[in-house]
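Everything on this sheet refers to the single structure shown next.
Please treat every number below as a calculation from the coordinates, not as lab data. Since the model is a prediction, treat every value here as computed from it, not as a measurement. All Cβ positions, even for glycine, are placed from backbone atoms using ideal geometry, and neighbour counts span all protein chains on display.
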Amino acid sequence: MSIKVSMHNWMRPEPIEHTIKRLARLGYDGIEISGEPQSFDAGEVRGLLDKHGLECWGAVTLMTVGRDLLDQDPYVRMGSVQYVKDCLTFVSELGGRIVTVVPSTVGKTVPMATPAEEWGWAVEALKRCQEHAERVGVRIALEPLNRFETYFLNRCEQALALAEEVGGDCGVALDAFHMNIEESDLLGAIRAAGDRLADFHVADNNRMPPGYGALDWDAIVRELVGIGYDGHMTVEFVASVDRSIISDRTEIGDASEAGGGVAMEKFLRDHSTGAVPESYYDRYAADSVNRLRAALAANSAPTI
């Protein structure tokens, strides 16, 4: 199997049909859908994907306030386990293969207990999630984030250690943006992940589309091909609004205009994401898939 290109949709709250049409028009292979099962009708989404020739690669958990697999409150952990299970079931219904799991609340940077206690809670919770993942045929991918968004998992080696304790086929999801901050050797981390690598998120060092920053995407693709990765590279740029006088944009949006409710508005604000004008978002999405296609064409071994 060859590496395919997908895109997240959490960065831009909009009707899922609009997102799917954009991805099909721009030449994407699939979507890694927002982990909000209650917001979608699985049958409707699968029908739209089939209609437009796309696949569901998987989903990403959105660990907003109240979702935390290592919270000191056992009831919060219980509810968070159920949330991850719901995401796994949702992806299974869409015919997807992975769910990217961030174990703790995004933006939580102060521990609630000792490292040993929190690690134990995470392992216990994820083992229960892993059991469900195996039942529904979807793989969990644990994602480390940068230190400014979480203190729990920041590097590939930490995620690998947690995946090993969880057991089964539990894997890791690596994100080039976070890796650029935390890894001393980004390419070496990809090699270390090996067959535990279940997902790969794409944004440049400035969290803009690939090619808009300083990362070497040809080298990254070569490394992914070298370890035999056969999943998707999932575009996840976070295009912040330039409110300065040097901006060339003719309109400025705001996170509150994008919809999705108070929790999503806060999530978007925390990630410096506003309602970027449609023309710019389209261009960023197009440039992303084109840059990745070029890197894949130049650095993938020919199929025999």
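Output ³J(HN,Hα) for segment 52-58: one whole-Hz value per residue in order, computed from phi by the Karplus curve 6.51 cos²θ - 1.76 cosθ + 1.60 with θ = phi - 60°, and x for Gly and Pro.
9, x, 10, 10, 8, 6, x
Does the chain come out rounded, prolate or oblate by the C-alpha gyration tensor, with a ≥ b ≥ c the root eigenvalues, rounded set by a/c under 1.5 and, if not, prolate when a/b is larger than b/c and oblate if not?
Values: a/c = 1.32, a/b = 1.18, b/c = 1.12.
Taking the square roots of the gyration eigenvalues as a ≥ b ≥ c, the chain is rounded.
Around residue 55, with a cut-off of 13 angstrom between Cβ atoms, what is the net charge of the other residues, counting Lys and Arg +1 and Asp and Glu -1? If you can, show how the numbers build up before the last one.
Details: positive: 4, 46, 51, 97; negative: 29, 32, 50.
Surrounding charge for residue 55 is +1.
Note down the magnitude of the dipole of the chain about its Cα centre, charges +1 on Lys and Arg C-beta and -1 on Asp and Glu C-beta and zero elsewhere, to the nearest 20 debye. Don't jump to the answer; show the numbers that get you there.
Working: 29 positive and 47 negative charges, 76 e Å.
Charge dipole, the chain, about its Cα centre: 360 debye, nearest 20.
Within the set 85/108; 51/127; 51/108, which residue pairs have Cα atoms separated by over 28 Å?
Working: 85/108 22 Å; 51/127 36 Å; 51/108 40 Å.
Among 85/108; 51/127; 51/108, the Cα-Cα distance tops 28 Å for 51/127; 51/108.
In terms of the Cα gyration tensor, with a ≥ b ≥ c the square roots of its eigenvalues, is segment 107-193 rounded because a/c is under 1.5, prolate because a/b exceeds b/c, or oblate?
Details: a/c = 2.05, a/b = 1.19, b/c = 1.72.
Since a/c reaches 1.5 but b/c is at least a/b, the shape of segment 107-193 is classed as oblate.
Between 36, 117, 164, which gets the highest mean-square fluctuation from a Gaussian network model of the chain, Cα cutoff 10 Å?
The residue with the greatest mean-square fluctuation here is 117.
Between 51, 21, 108, where does the largest GNM mean-square fluctuation fall for the chain, given springs only between Cα atoms within less than 10 Å?
51
Name the residue, out of 157, 278, 124, whose mean-square fluctuation peaks in a Gaussian network model built on the chain with Cα pairs under 10 Å.
278
Charges on Cβ only, +1 for Lys and Arg, -1 for Asp and Glu, centred on the Cα centroid of the chain; of 45, 82, 294, which one is farthest towards the dipole's positive end?
294
What's the center-to-center distance, using Cα atoms, between segment 146-165 and segment 62-91 in Å?
Value for the Cα centre distance between the two parts: 17 Å.
Given H placed on each backbone N at 1.01 Å, which residues far from residue 197 in sequence or on other chains put an amide H within less than 5 Å of it?
The answer is 172.
Normalised by the residues of the chain, what does the relative contact order come to in percent, with Cα pairs under 8 Å and at least six apart? Mind dumping the intermediate values first?
Values: 581 pairs, mean separation 52.1, N = 304.
Reported relative contact order: 17 percent.
Quote the relative contact order of segment 56-213 in percent (integer), defining contacts as alpha-carbon pairs under 8 Å separated by 6+ residues.
Working: 304 pairs, mean separation 31.6, N = 158.
20 percent.
Taking θ as phi - 60°, what are the ³J(HN,Hα) couplings along segment 233-243 by the Karplus curve (6.51, -1.76, 1.60), each to the nearest whole Hz, with x for Gly and Pro?
Ordered by residue, 3J(HN,Hα) equals 9, 9, 5, 8, 6, 10, 8, 6, 7, 8, 9 Hz.
Tell me which residues come under 5 Å, amide H to amide H, from residue 99 once H is placed; ignore anything under 5 positions away on its chain.
59, 139, 140, 141
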